[in-house]
Amino acid sequence: MSAVKSSSAASAAAPPTTISSEPAPLTRVSGKQWKAARKPTNRSMMAKSLSKSYENRIRQARDLKAVKHTEAELKEEKRVEKEEHRNRILERKKKYEEKLRQERYQAEMSARKRMRVKRKELKARAHAKH
């Protein structure tokens, strides 16, 4: 009887473990039924004419980065030149507007001055007749 108890006690003490004996899948599954499973790119299987060495890829990336940097510099220079041109035009327009405003002001003031001088002359003539 004690042997029966010990065997049942052993089975109660050790919970059953479920370990999958299958290895992890080599494909990525999206979870969508209509999508096919994808495998990672295997560069060793590519044709030698298509594959590029690490140094070539790094050199190409560096060259591309240099070209993009040069393009960005040129774009920035062009933007600055355009902005300076726009500012010159605006400055010229402001000067022209100011000049017109001054001319109008001078014309108005000279008309007022002419009227004052004319009134003064009329007063002088009126005093001269008396």
With θ taken as phi - 60° and the coefficients 6.51, -1.76 and 1.60, list the Karplus ³J(HN,Hα) couplings across the stretch 67-78 in order, rounded to whole Hz; mark glycine and proline as x.
5, 5, 5, 4, 4, 5, 4, 4, 4, 5, 4, 5
Net charge over other residues, Cβ less than 13 angstrom from the Cβ of Ala66 (K, R count +1; D, E count -1)
+1
Using a 1.4 angstrom probe on the protein heavy atoms only, line up His127, His85 by accessible area, largest first.
His127, His85
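The values are calculated or read from the model by the stated rules, or taken from the named source; none is laboratory data. Values in this document were obtained by computation on a predicted structure and should not be read as measured data. Using ideal geometry, Cβ is built from the backbone for each residue, glycine included, and neighbour counts are taken over all protein chains shown. Quick note on the areas: whole protein, heavy atoms, side chains included, nothing else; ligands and nucleic acids left out. Shrake-Rupley method; radii C 1.70, N 1.55, O 1.52, S 1.80 Å.
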